[in-house]
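Okay, structure first, notes after.
The values are calculated or read from the model by the stated rules, or taken from the named source; none is laboratory data. As the structure is a computational prediction, the values presented were derived from the model and not from experiment. Neighbour counts run over all protein chains shown; Cβ positions are idealised from the backbone, glycine included. The protein model used for the area step is the full one, side chains on, heavy atoms only, and it has no ligands, DNA or RNA in it. Shrake-Rupley method; radii C 1.70, N 1.55, O 1.52, S 1.80 Å.
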Amino acid sequence: MKQKLIAGNWKMNGNLAANESLIRALLAAVQQPVATVAVCVPSVYLAQIQHLLAGHPIDLGAQDISAHEAGAFTGEVSGAMLKEFGVRYCIVGHSERRQYHAESDALVASKTQRALASGITPIVCVGETLADREAGKTEEVVKRQLAAVIHENGHCISEIVVAYEPVWAIGTGKTASPEQAQQVHAVLRAQLKAASSQAERIQIIYGGSMNAVNAAQLLAQPDIDGGLIGGAALKAADFLTIIDAAR
Ligand code: PEP
């Protein structure tokens, strides 16, 4: 059975003191985790968290990556730079970036490629808005988003992680039911299978108000291979409960 992945997305939260106490609380409890655990932190804190995590079984993640290799791209952070700080995972195409930074499917596909070329595992986010869901377009939207990534990354596709994150569930306290989430995960799995003979080993994780109470039920679904956790990843006790639910 593949190990589950529990990744925290800290978004634009934290400060030096709060980061240190959160990481120390996690490390005190996570010694031999039964799941792969990662924290995706703001890029200015990568060095701090890399240092704190050294020698411990929690992986470091970033929240974005430039689609470019290097050069005159003010404000951007390259894959090579992330790699220098020990980054193993990078969130790509989070709905907040698609929404507030107008990231297109094509840009998300290029960022995915850049992460793979840098030796970083991209956590590629797909998900429908409430309007999409109400219009019966959930499947169409997530398949379109994933198709762009498959198209540009071809045979490397088995190296990605996919995060299904319904936009209406992110930071809202509304969670997809385990059945709703499983249904979309099965659609994504079938799409990956059509693209790769290795699709079974691709982790498809769920994100959207996953918390200490609902995690176990979501993680028990056959195609849910982990979680991308926002708000609950900022509270050590809640994040640890979710990690525990992934065994
Ligand atoms: C996220 O930002 O990826 C997320 C899932 O957030 P939350 O858990 O707060 O809904």
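Can you spot the aspartates and glutamates whose alpha carbon is less than 17 Å from Lys111's alpha carbon? Ignore those fewer than 8 places along the same chain. Straight-line reach from Lys111, under 17 Å: Asp64, Glu69, Glu76, Glu96, Glu103, Glu152, Glu159. When the P(r) is computed for the stretch 102-247, the part past 23 Å accounts for 33% of the Cα-Cα pairs. Per atom type, the chain shows carbon and sulfur on 53% of its accessible surface, probed at 1.4 Å.
A straight line joining the Cα centroids of the stretch 61-96 and the stretch 156-204 runs 22 Å.
Label-to-label distance, Leu16 versus Ala28, with points set 7 angstrom from Cα along the beta-carbon direction: 2.2 nm. The residues of the chain expose on average 45 square angstrom of accessible surface per residue, using a 1.4 Å probe on protein heavy atoms. With viscosity set to 1.306 mPa s and temperature to 10 °C, compute the Stokes-Einstein D of the stretch 79-119, Rh being the Kirkwood radius across alpha carbon pairs; µm²/s, no decimals. The diffusion coefficient I find is 148 µm²/s. Describe numerically, in nm with one decimal, the distance between label points set 7 Å from Cα along Cα→Cβ at Gln48 and at Cys156. Reported label-point gap for Gln48 and Cys156 is 3.1 nm.
Relative intensity of the chain on a log10 scale, I(q)/I(0) at q = 0.07, 0.09, 0.11, 0.15 Å⁻¹, equals -0.20, -0.34, -0.52, -1.01, per a Debye sum over C-alpha point scatterers of equal strength in the absence of solvent.
Can you tell me the relative contact order of the stretch 57-148? Whole percent, Cα pairs under 8 Å, sequence separation 6 or more.
For the stretch 57-148, the relative contact order is 29 percent.
Using only the C-alpha atoms, the convex hull of the stretch 1-125 corresponds to 113 Å³ per residue.
Peptides 4-10, 181-187, ordered by how many other C-beta atoms sit within 10 Å of their residues on average, highest first, read 4-10, 181-187. For the stretch 163-247, the Cα gyration tensor yields ellipsoid semi-axes of 23, 13, 10 Å (square root of five times each eigenvalue, largest first, whole Å).
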